[in-house]
Structure formats: structure tokens, C-alpha cells
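The values are calculated or read from the model by the stated rules, or taken from the named source; none is laboratory data. Source: prediction; values computed, not measured. Virtual Cβ from ideal backbone geometry, glycine too; neighbours counted across all protein chains shown. Areas reflect the complete protein model, heavy atoms only, side chains present, ligands, DNA and RNA absent. Shrake-Rupley method; radii C 1.70, N 1.55, O 1.52, S 1.80 Å.
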Amino acid sequence: MTGNPADTQIEAARLTELLEPTVASHQLVLEEVEVRRAGGQRIVHVVVDVAEGTEGIVLDQVAEVSRSISEALDKDPHDTSDAYELEVSSPGTSRPLTLTRHWRRNVGRMVKVNLIGEDNITGRLTEVDDAGITIIPEITVKKGMKPKVGEARTLEFGSIRRGHVEVEFSRAEQAELAELELDEDDENAEA
């Protein structure tokens with residue numbers, strides 16, 4: 001396999017077909033296979049995810065499926081015997097929300113939705129069904145002020161170009177503070 005982008009795309013498609021049953025045997029979904037070259041070595045990047053639900057994939061699952069993927073690649077009858085480096089990961093927050101299950105697993109999170117023919121909407125994802133999503137938009141205000149929320153809005157998947165999760169640092173800080181307060185309450189109760 002050369003470093004030609006068309007060759008790496010063909011190889012990625014072939015490996016996707018090869019690896020889907022292996023990943024599915026772990027009750028996971030194969031999101032993507034990417035093949036690229038770095039010097040004389042192939043890098044095979046595999047993205048796996050849970051099939052349904054709001055719980056994320058855990059590290060033990062990634063380790064188990066990595067071993068199985070490695071075994072499947074080692075037994076690949078069409079492999080060129082080129083050295084490869086295997087990278088297995090779960091989708092990150094920067095990964096676009098493209099499938100219904102992607103949206104479902106992010107209910108409760110802040111998302112940015114790029115709509116066809118309309119301005120983008122950022123807000124809290126509250127519901128997902130087979131037809132679309134419901135979002136409570138965040139209305140931007142002056143810097144330093146707390147954002148306001150708008151009326152809940154239902155958007156059909158056909159009107160959504162793409163979406164992604166917005167990372168909320170203040171929400172993580174609030175969760176940490178609440179956890180610290182709980183720890184202090186436990187210590188005070190014991191005293």
C-alpha cells in the first residue's frame with residue numbers, strides 16, 4: 001500500500017468490512033477505520049462506540065476490543081505484511097453528531113446545531129426520537145452575564161446539517177464543587 005489517499009481509503013473500507021464482526025462481538029459499534037502512513041509504517045486508527053444508551057465506553061472495553069482487533073488484523077488473509085501501529089479509541093467530544101444514537105447518548109448536554117437555511121443554535125439537548133431532536137436554546141447575552149434560555153424547539157433530522165457537543169467547563173467545575181461539599185458534609189457528620 002502506498003501513501004496515496006485513494007489507496008488508504010480503499011484499505012480503510014476493506015478493514016472496516018473485516019473488523020465490523022470482531023467489534024460487534026464485543027457489543028460495540030465500529031464507527032470508523034482510518035489508515036495513514038507515517039514513514040514506512042501504517043497507522044490503523046479504529047474508533048469504536050457503544051451501540052445504544054447514554055453511558056460511554058469504558059477503558060476495559062477498549063482494551064478487550066483492541067486485543068481482538070489486533071488478532072483479526074494479524075490473521076487478515078489480504079494483509080501486505082507491512083508493519084502497522086494500531087490505535088483504538090472512542091469518539092471524542094469533537095466528533096460530529098451524525099446518527100440518531102449519537103444524539104441520544106448526548107441528551108442533557110449542551111450542543112451546537114448547524115441548521116440548513118437557518119442560523120446555528122446552541123442549547124441543551126433534552127429529547128431525541130427517530131424524527132429529530134428537542135433543544136432548549138441558549139440566548140446569548142452580554143459578556144459576564146448568565147445566558148438566558150429560550151423556548152424548547154423541535155428540529156427534524158432533515159433540517160440539521162451537523163451537530164457537535166459543546167464542552168462546558170463551568171458545569172464540570174460546579175460538579176467538582178458539589179462533590180467537595182458532599183465530602184465535607186460526610187466528614188462533619190462523622191465528627
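For the reader, a short list of remarks on this structure follows.
- Filter result for the condition that a residue is within 21 Å of Asn106 (Cα to Cα) and touching a Leu at 6+ places or on another chain (Cβ under 9 Å), over Ile43, Ile57, Ile69: Ile57
- Residue in region 58-81 that is assigned to a loop (DSSP other than H, G, I, E, B) and in contact with a strand residue (DSSP E or B) (Cβ under 7 Å, 6 or more places away or on another chain) present: no
- Flag if Val149 is without any contact (Cβ under 8 Å) to a residue 24 or more places away in the chain and β-branched (Val, Ile, Thr): no
- The set of residues in region 82-117 that are small (Gly, Ala, Ser) and in contact with a strand residue (DSSP E or B) (Cβ under 8 Å, 6 or more places away or on another chain) comprises Ala83, Ser89, Ser90, Ser94, Gly108.
- Residue within region 59-66 that is modelled with pLDDT under 90 and not assigned by the TED database to the domain that holds Glu20 present: no
- Selection status of Ala51, under 20 Å from the mean Cα position of the chain (by Cα), open to solvent by less than 50 Å² (accessible area, probe 1.4 Å) and either among the hydrophobic types (A, V, I, L, M, F, W, C) or assigned by the TED database to the domain that holds Thr122 (or both): yes
- Extreme residue, nearest to Arg42 (Cα to Cα), among residues of region 14-31 that are part of a helix (DSSP H, G or I) and open to solvent by 60 Å² or more (accessible area, probe 1.4 Å): Arg14
- Members of region 152-174 that are modelled with pLDDT of 80 or more, farther than 20 Å from Pro96 by Cβ and open to solvent by 100 Å² or more (accessible area, probe 1.4 Å): Thr154
- Any hit, region 116-129, residues being of a type outside the set (A, V, I, L, M, F, W, C), in contact with a His (Cβ under 9 Å, 6 or more places away or on another chain) and outside the structural domain of Val62 (by the TED database): no
- Candidates Val141, Val149, filtered to the one that is at pLDDT below 90, exposed (fewer than 11 other Cβ atoms within 10 Å of the Cβ) and not charged (D, E, K, R): Val141
- Scanning region 108-133 for residues that are open to solvent by 20 Å² or more (accessible area, probe 1.4 Å) and within 21 Å of Thr93 (Cβ to Cβ) yields Gly108, Arg109, Lys112, Asn114, Asn120, Thr122, Arg124, Thr126, Glu127, Val128.
- The C-beta contact set for region 86-103 (first residue part of a helix (DSSP H, G or I), second residue open to solvent by 40 Å² or more (accessible area, probe 1.4 Å), distance under 7 angstrom, 6+ apart or interchain) comprises Thr100/Asp130; Arg101/Glu52.
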